[in-house]
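What follows is calculated from the coordinates using simple rules that are stated; it is not laboratory data. Please read these numbers as outputs of a predicted model, since none were measured by experiment. So basically every Cβ, Gly included, is an ideal-geometry build from the backbone, and we count neighbours across all protein chains shown.
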Amino acid sequence: MFTNFTLPEFSRTPFIFFTGKGGVGKTSTASATAVALADEGKKVLLVSTDPASNLEDVFGIGVSLKPVRVPEVEGLFMINIDPEAAASDYRESVVGPYRDKLPEPVVTQMEEQLSGACTVEIAAFNEFASLLTKKEVIDSFDHIIFDTAPTGHTLRLLQLPAAWSGFLEESTHGASCLGPLSGLGEKKALYESTVQALSDREKTILILVTRPDESAIWEAERTARELNDIGLSNQRLLVNGLFESGSDDRVANAFYDKQKAALASIGSLFKDILVLKLPYITYPLTGVSALRSFLKGEQKLNSDGGSQDETRSLPGLARLIGDLRHKSSGVVMTMGKGGVGKTTMASAIALGLVKEGKKVHLTTTDPAAHLDQVMKEEGISDQLSISTIDPVKEVEKYRAEVIAESAGQLDEKGLAYLKEDLESPCTEEIAVFRAFADVVERADREFVVIDTAPTGHTLLLLDASSSYNKEVERSTGEVPRAVRQLLPRLRNKEETLVAVVTLPEATPVLEASRMQDDLKRAGIMPAWWIVNQSMAATDTKDPLLSVRAKHEWKWIERAAGENENTVVLPWFTEKMTGAKALMNMYRNEVR
């Protein structure tokens, strides 16, 4: 039905992008492809554009903004476009030349002008664009492979060249959100060249990675459509983790049937795109040896993972819900890597609270999340309301609000300037942040359960709070109450419960651990960990899945060591979409 994933398909273009929903295997497939091309004698640069990059976990070496050589693979180099590091370099490149030439207060003002969220985004974007356009970089490598952040973040990254080009084309004042010294107008040629490189079929190929999973396939289709609209038409679909089993095991049969049902829609959704496949594997994709085995389709039916401690009994969701039973309001946030099941867990917790008689508002900040697909049935309870923070709608709302508030205070010229400023792509980040703060404020009177975007995007959202305050103040003249109270509320464990969601695998657990450290540094203390979709917590006897389960115990123990409040949920044989299915799962867990 599908074509095997082979290198010749990708060895024709210098730029290769791997994108898709969180947890589909973008880093694994991009890394394995990079190793294979380098093994063929090519010089390859592997680039992560994910703020929560996993390249360090996969290769076991540090990665930074400068290329580092992979010791075990001749010809392979890696870099990670860290937004904060890029912003720091960008600020210094702008401010540095003036340090000894202008008075200190002026230099301080320049630094403040360049401390906003816009600067972070544009600095990371400039690093990304330079890899596609700088001749000295392009001439140094046969291939530049991009391991991108989960879909929502990547769509914005790839749409920015056209967005900024359009803004600069129409703007007469420049992008004032970056400050007067940004020199953004000079970047116009860079953005136009980036658009040309991305849309040139001889230069760029886009690999849409998916699992044989309904939500991941639908997201890949949406991504294909949106990127095709901006000129990225040279696309392939890669189905990663195709499971085949000949056993009569109940769990294995359910696993196979779920995949088969999900794949039924591919023929109609991807009529004009070649569909490729890679098999389901049992071993962790960390280290060069595992990556080389992966593309060869090799299986390993032995495990060097941990083993189950029979005396250990980890609790289910009942314990987590129990922490909230005595309260009538508060914030619950599910956080973690893409694809770990944050949306499902947020929905299950919301339903569990409703079952306890609480009033609940369930929402998502993930541009790629689909609460409507998970919570299909309506009219579940009058106690439950659901919303989605839609960036497009929030931008329209924010622009209208700012213009209405400023109309009486500005002359015609000033109002025209403000309207132009609000057309900047940076406005989306501010508008989404405002909406996030507004929905959290509802926790004054009810529970607000928030399904957050994947780790990197969420951390940037939280880390940038003070910067957003400045930008909101600059645009509107004042900081709303909801924005002022946001961080204090999230830092108060009596008001906010953060649940870190992960899978019992190396990369999700390691990323969750880093995220927990970052949250603690920001003054936010995660209360619970949820280890989701565990094969070890099922009774499978299938040869492949049993090996997989043995590998999981090492990471379940690691999770329990990170946070003593750790919940383990099994991989469910039932389909986890629809409120009824989630409520059944909750009832089975809370018994």
Just to verify a number: FRET efficiency for LEU242 and GLU72, C-beta to C-beta distance, R0 = 30 Å, to 0.05? 0.60
1/(1 + (r/R0)^6) with r = Cβ-Cβ of SER233 and SER130, R0 = 22 Å, i.e. FRET efficiency to nearest 0.05, evaluates to 0.40
Spacing of the two label points (7 Å from each Cα toward its C-beta) at HIS326 and ASP89, in nm: 5.1
Sites LYS520 and ALA318, calculated FRET efficiency, Cβ-Cβ separation with R0 35 Å, nearest 0.05: 0.85
Around TYR283, which amide H atoms from residues at least 5 apart in sequence, or from another chain, sit under 5 Å from its own amide H, with H modelled in the peptide plane? LYS300
Among the lysines, which fall within straight-line cross-link reach of LYS575, defined as a Cα-Cα distance under 16 Å, with same-chain neighbours fewer than 8 residues apart omitted? LYS258, LYS260, LYS342, LYS376
In whole Hz, the Karplus estimates of ³J(HN,Hα) for the range 232-240 (6.51, -1.76, 1.60; θ = phi - 60°; x where Gly or Pro) are 8, 9, 7, 10, 9, 10, 10, 8, 9
